[in-house]
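Let me begin by presenting the structure, written as structure tokens, before commenting on it.
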Amino acid sequence: MNALAGDVTRAPVERKEFEVVPIDATGIGSIEKPLSLAERLADNDLLRKLAILVVLAVVWEAYARFLGNPLLFPTFSETIQTFWRELTSGVLLDRTGVSMQVLLIGYSLGLVLSAVFTTLAVSTRIGTDLLTTLTAMFNPLPAIALLPLALIWFGLGIPSLVFVIVHSVLWAVSLNTLSGFRSVPEVLRMTGRNYNLSGVRFVMKILMPAAFPAILAGLKIGWAFAWRTLIAAELVFGVSSRSGGLGWYIFESRAELETAQVFAGLLAVIVIGLLVESVIFRTIEARTLQRWGMQR
Amino acid sequence: MANPGINAGVGGGAKAPSPILDVRGATLQYKTPKHLVTATYKVDFDVYQSDRFVLLGPSGCGKSTLLKAVGGFMQPVEGTIRVRDRVVKAPGPDRMMVFQEFEQLMPWKTILQNVMFPMQATKRFDRGEIRDRALAVLDKVKLSKFIDVYPHMLSGGMKMRVAIARAMAMEPDILLMDEPFAALDALTRRKMQEELLSLWDQTRFTVLFVTHSIEEAIIVGSRILVLSPHPGRVRAELNAERFTHENVDMPEFGLLMKRIHGLLFEESEPVPEPETEAVA
């Protein structure tokens, strides 16, 4: 109990008061100093990521040479050569074009549907219940599991692929968007209502921009899901017998035991993923979230 | 919007001026997941043109709820709230709200766009006029240099000035401020109080101001409604027109503070008259 008492005779040390004119600050020299080249290079996101890629490529090359079995695991340089050959011959571009077309149709359709669902969900209570129930039901369901059904309904062709892509995009994007809408600060909502905004205008002018971090995260996830689903679905069938998409190309190459081409196909999938992430989504982020101070 | 009502004003004839805001017997209740809470009980007050009307009370007395009801965000279960003789049914730009939270600014809009936004959204002003109005009001709050930056780059006090500018540019019938300076540091708060008063001096707008600080109520307010603790009931209505930052040291200021303190924290004692009590 006495531990808290301390020494009651203790008093603060006495010191004299003083006032001075602040000292001259011109001696600091330049207040802003440019960073050195090395510092600026280390600060460059792209450069750091490139360095990681280079290391991965070196590891790949070294392991493949050590293994020495091009049928199982071609070297990095061989894969790049095949990739370049297929690219310049136009085969790879063709296949990518076919995949992209289907992908964009499915992705946009998924986004439109998701916008309708989430707008309904924030405007009415029954809409919320509908969306949360549907999401809970369908989000865990792999899109590929619906492919047999899609084939029965729509046959071999683009509609089947679009169907499974929409399925994989819709729920992921809706889930993110809805949770984004729900986390918009109450004060911001009240501000919007104060200006007589309601319904679709309220969603467009207040909720969408305020929830944009979550929406963009949803768009990214949706994009990745769509890509995955498409490639997987194409592994099952090509769009038409003559020219399928990238997935079909990979499947064909495997059947012909052209392992380097399988790798080239996979590489194309990866390159497109990287480009979309680091060019398109990165630019959107820099122009919106970072400028608005919603993300660092 | 429908009622321009620039009637009477300062000219002051024989007729008694009609209040801008008329609250009669307002009982406000809201639901929490487990309870029905009565925030205020049968509250009456009138706010007239160019009043700086302060709602003062301990936390939990329903003053913010009262302000939200005037803003149209909730309906009284009993009694009426009228603004310019129209019953308040929903939020509207004739009653602009300024909140305590900095989140009220839209992070995706620049300062200028933030101020222009309500004017554009409500179409209350001509398209060509909006930008000039926004620039003029931003000049008044000394933010002309920052019109093109985004809110996250500003300090707390500056964000609050943007929020005030945005509300003032709309020229609402009444400005509703919900503890606007509570999130600011003491030095900035003092500066903002001074600026609010000097803005009021220039345009003489009508403002309903919620605070829990007795000192702020006396400095900012021209009339103070003191509410009793939970549920909020009218305890007193006092005049504080004569006090500003300059006379914080005056004995009357201290007396008024003590008087309000007594009203808030002592159980229903008779209210002493400050004139008779004035000590030398």
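Computed from the C-beta positions of B:SER59 and B:LYS145, the FRET efficiency with R₀ = 35 Å rounds to 0.40.
Given their separation in residues at 0.36 nm each and the Cα-Cα distance between them, A:LYS16 and A:LEU67 gain 10.4 nm when the chain is fully extended. The angle separating the long axis of helix B:111-122 from the principal Cα axis of greatest extent in chain B is about 80 degrees.
Could you tell me how many degrees, from 0 to 90 and to the nearest 10, lie between the Cα long axis of helix B:156-169 and the main elongation axis, the longest principal axis, of the Cα atoms of chain B? Between the helix axis and the principal axis of chain B, the angle is about 80 degrees.
Across region A:72-287, C-alpha contacts under 8 Å between residues 6 or more apart give a mean separation that, scaled by the residue count, equals a relative contact order of 29 percent.
For chain B, the spread of Cα positions along the three principal axes, ordered from largest to smallest, is 57, 51, 43 Å. Which of A:ALA42, A:ALA210, A:ALA150 moves the most in a Gaussian network model of chain A with Cα springs under 10 Å? Maximum fluctuation in the GNM of chain A, among the listed residues, is at A:ALA42.
For chain B, the longest piece that avoids every one of the GluC sites (Glu not before Pro) found in DSSP loops with at most 13 other C-beta atoms within 10 Å covers B:1-240. Among the residues of B:104-114, the average count of other protein chain beta-carbon atoms within 10 Å of the residue beta-carbon is 4. Determine the shape class of the protein assembly as shown: with a ≥ b ≥ c the square roots of the Cα gyration tensor eigenvalues, call it rounded for a/c under 1.5, and otherwise prolate if a/b is greater than b/c, oblate otherwise. Prolate shape, in that a/c is at least 1.5 and a/b is the bigger ratio.
The reciprocal of the average 1/r between distinct C-alpha atoms defines the Kirkwood hydrodynamic radius, which for region A:206-296 equals 15.1 Å.
Spacing of the modelled spin labels on A:ARG182 and A:ARG254, each 7 Å from Cα toward Cβ, amounts to 3.9 nm.
Across peptide B:89-97, the mean count of Cβ atoms from other chains lying within 10 Å of each residue's own Cβ comes to 3.
Label separation (A:ILE280 vs B:PHE265): 6.3 nm, computed from points 7 Å beyond Cα along the C-beta direction. Sorting B:TYR41, A:TYR195 by the number of Cβ atoms found within 10 Å of their own Cβ, with the fewest placed first, yields B:TYR41, A:TYR195. The A:SER36 and B:MET74 beta-carbon pair, evaluated with R₀ = 56 Å, returns a calculated FRET efficiency of approximately 0.40.
For the cross-link pairs B:LYS142/B:LYS258; A:LYS49/A:LYS220; B:LYS34/B:LYS68; A:LYS220/B:LYS34; B:LYS123/B:LYS145; B:LYS140/B:LYS258, the ones whose C-alpha atoms lie over 30 Å apart are B:LYS142/B:LYS258; A:LYS220/B:LYS34; B:LYS140/B:LYS258. Taking the number of Cβ atoms within 10 Å of each Cβ as an exposure proxy, the fewest-first ranking of B:ILE174, A:ILE272 is A:ILE272, B:ILE174.
Calculated from DSSP H runs of 4 or more alone, at -39500 (n - 2.57) each and per residue, what is the 222 nm mean residue ellipticity of chain A, nearest 500? Taken over chain A, the calculation gives -21500 deg cm²/dmol. When the Cα atoms of region A:72-287 are aligned to their principal axes, the ranges along those axes come out at 65, 41, 25 Å in descending order.
Only DSSP H runs of four or more residues enter the estimate; each adds -39500 (n - 2.57), and after division by the residues of chain B the mean residue ellipticity at 222 nm equals -10000 deg cm²/dmol. Relative to the longest principal axis of the Cα atoms of chain A, the long axis of helix A:259-275 makes an angle of roughly 40 degrees. Peptides B:154-164, B:218-228, A:130-140 ordered by packing proxy, namely the average of other Cβ atoms within 10 Å per residue, highest first: B:218-228, B:154-164, A:130-140. DSSP finds beta bridges in the protein assembly as shown, and of those with both partners inside it, around 55 percent are antiparallel. Estimated at 0.36 nm per residue, the fully extended path between B:SER50 and B:GLU129 surpasses their Cα-Cα distance by 25.9 nm.
Placing dummy labels 7 Å off each Cα toward the beta-carbon, the span from A:ARG291 to B:ASN247 is 5.1 nm. Counts of other chain beta carbons within 10 angstrom of each beta carbon in peptide A:73-84 average 0. Antiparallel beta bridges, as assigned by DSSP with both residues in chain B, represent about 55 percent of the total such bridges.
Bear in mind these aren't lab numbers, they're just calculated from the coordinates by the rules spelled out. Being a predicted model, the structure only gives us computed values, none of them experimental. Don't worry about glycine lacking a Cβ; one is built from the backbone with ideal geometry, like all the others, and counts go over all protein chains shown.
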